[in-house]
Amino acid sequence: MAALYSYIPVGDKHFCSDGNLVALGWILALNNRRLHLDTLGVQFHQIPRILKTLFRQRGKVNEATAGRLALPTFGHLCLRVHRGYKLFDLSSRTATKIFDNDMDAAARAVEINAVREAAKLDFAPDLLAVDSDNRWYREAYMPGRRGSKTVQSDPARVFRETIADHLCQMTAIRPIETISAGEYLGKLLDTLTEDLADFRCDELRNEVHDFVAEIAAQLQKTPDLPIHRIFSHGDFSFVNFIYNENRVIVIDWESLQTRSLLSDFYNYFLTELYYQRSRTNLVAEINDALVLLSRKLAPEAPLLADDVITHKAIYRWFYYLERMHMLLSRDMSDNQLNVIRRSMGIFNEHESTIRQIAP
């Protein structure tokens with residue numbers, strides 16, 4: 001049986017209490033700025049409190065240790081992530097994903113294969129090891145500055161400098177899939193119906209149903225239109241970007257799937273609107289970015305390049321449905337309910353703005 005390591009909660013994070021805690025404090029302090037530990041929520045001034053809590057709680061087995069974790073691999077600190085935990089070993093610069101016990105083998109294999117596929121990209125973390133029996137995989141830890149949810153941004157500039165090239169690279173990872181708009185819409189509606197079947201908030205369920213029905217009504221007008229689906233991160237936005245000098249590294253590929261052509265493109269820009277990081281409504285910036293993306297795709301993927309411009313609205317509407325499915329499939333909490341409601345509001349507001357400025 002694999003050894004288990006003990007992790008003690010401090011705030012919304014856990015820290016490994018096994019080993020020398022003085023050495024842990026030294027590692028946290030030494031690496032804080034160099035490895036940008038603030039992106040993991042560890043500020044330099046918090047280190048004394050972290051160590052004090054670990055010293056007090058180590059070895060105790062009582063109600064004071066509620067929330068303690070026992071996990072089969074080592075990391076200096078541990079964060080809760082979707083369907084598991086992520087452990088960061090600051091000495092070896094690795095990040096290990098531990099799956100929840102109730103996640104079945106098939107679902108684990110899908111995520112591991114997705115991360116392995118993403119590692120082919122030069123802006124994604126390398127996959128270093130997999131241990132299916134003990135329910136984990138390990139990636140390289142990518143230090144750098146993470147996008148801030150509160151700082152004003154210039155998404156158009158970042159798109160021109162790096163993101164457009166990233167999206168072009170991603171189109172070449174998998175063969176392009178083509179499906180009629182009507183068939184793809186039917187698949188998405190079936191999936192969303194399943195998502196809503198056990199939804200615990202009746203009022204929000206009705207709001208989502210009405211939102212989906214309105215988008216579906218638009219897409220039903222072109223049932224025979226060929227829709228191209230490509231390799232997609234699924235949550236492609238600044239919250240999953242690590243800015244390292246002149247590079248933008250993309251992390252958290254767990255939700256990788258085949259999605260419609262512009263799913264990641266629209267998620268990149270509309271997440272900026274969600275967090276109100278941009279001073280504009282981004283309609284002009286999005287149109288300019290679509291032209292740039294089309295030009296970059298044209299030499300290798302002329303069919304996709306044409307669709308980027310010609311059917312941008314169709315792909316935007318498909319993105320809304322794909323995004324709602326992702327949000328509905330996450331662990332549901334009061335905060336997640338708010339995220340779903342606010343996302344629909346952003347999408348509706350964006351559509352309204354487009355209609356207002358359209359010639």
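Odds and ends about this structure:
- Ranking Thr73, Tyr266, Thr222 by Cα position along the charge dipole of the chain, where only Lys, Arg, Asp and Glu carry charges on their C-beta atoms, puts Thr73 farthest toward the positive end.
- Each of Ala95, Val212, Leu24 was placed along the dipole of the chain (beta-carbon charges, centred on the mean Cα), and the one lying farthest toward the positive end is Leu24.
- Here the alpha carbons of region 189-249 define both size measures, Rg and Dmax, at 17.3, 47 Å.
- Gaussian network model of the chain, Cα within-10 Å springs - most flexible of Asn31, Asn134, Asn338: Asn338
- Mean separation of Cα contacts under 8 Å, 6 or more apart, over the residue count of region 208-302: relative contact order %: 25 percent
- Diffusion coefficient (Stokes-Einstein, Kirkwood radius over C-alpha pairs, 10 °C, 1.306 mPa s) for the chain: 72 µm²/s, rounded to a whole number.
- Assuming charge only on the beta carbon of Lys and Arg (+1) and of Asp and Glu (-1), the dipole of the chain about its Cα centre is about 1500 debye to the nearest 20.
- Convex hull volume per residue for region 140-261, taking Cα atoms only, in Å³: 166 Å³
- A quarter of the convex hull surface defined by the alpha-carbon atoms of region 142-182 gives 5.5 nm² as the mean projection.
- Assigned charges on the beta-carbon of Lys, Arg, Asp, Glu; region 60-148 dipole about Cα centre (debye): 340 debye
- 18 Å reach of a label modelled at Asp12, 7 Å along Cα-to-Cβ, counting backbone N of region 318-359: 330-343
- With only Cα atoms counted, region 212-359 has Rg and Dmax values of 15.5, 46 Å.
- For a paramagnetic label modelled on Arg83 (point 7 Å from Cα along Cα→Cβ), amide N atoms under 18 Å away belong, within region 248-265, to 251-259.
- Average Cα contact separation per residue, the chain, under 8 Å, 6 or more apart, as relative contact order %: 15 percent
- Taking 0.36 nm per residue of separation and subtracting the current Cα-Cα distance, fully stretching the chain between Thr258 and Arg33 would add 77.3 nm.
- Kirkwood hydrodynamic radius over Cα pairs of region 240-323, then Stokes diffusion coefficient at 37 °C and 0.692 mPa s, in µm²/s: 232 µm²/s
- Over every Cα atom in region 1-118, the radius of gyration and the widest Cα-Cα span, Dmax, amount to 14.9, 44 Å.
- Net charge dipole, region 267-316: roughly 160 debye, given to the nearest 20, about the Cα centre with Cβ charges of +1 for Lys and Arg and -1 for Asp and Glu.
- Once the chain from Met103 to Ala217 is taken as fully extended at 0.36 nm per residue, the excess over their C-alpha distance is 37.5 nm.
- FRET E, pair Met332, Val22, Förster distance 45 Å, beta-carbon r, rounded to 0.05: 0.65
- Distribution of pairwise C-alpha distances over region 53-148, 10 Å bins, in %: 14, 42, 31, 12, 2
- Approximating the spin labels as points 7 Å out from Cα along Cα→Cβ, the Gln276-to-Ser132 distance works out to 4.8 nm.
- Cα-based reach from Lys187 at 30 Å (exclusive), listing lysines while leaving out same-chain residues under 8 positions away: Lys120, Lys221, Lys312
Throughout, read-outs are computed from the coordinates displayed, never taken from laboratory work. Note that the structure is predicted; figures quoted are calculated from it, not measured. Using ideal geometry, Cβ is built from the backbone for each residue, glycine included, and neighbour counts are taken over all protein chains shown.
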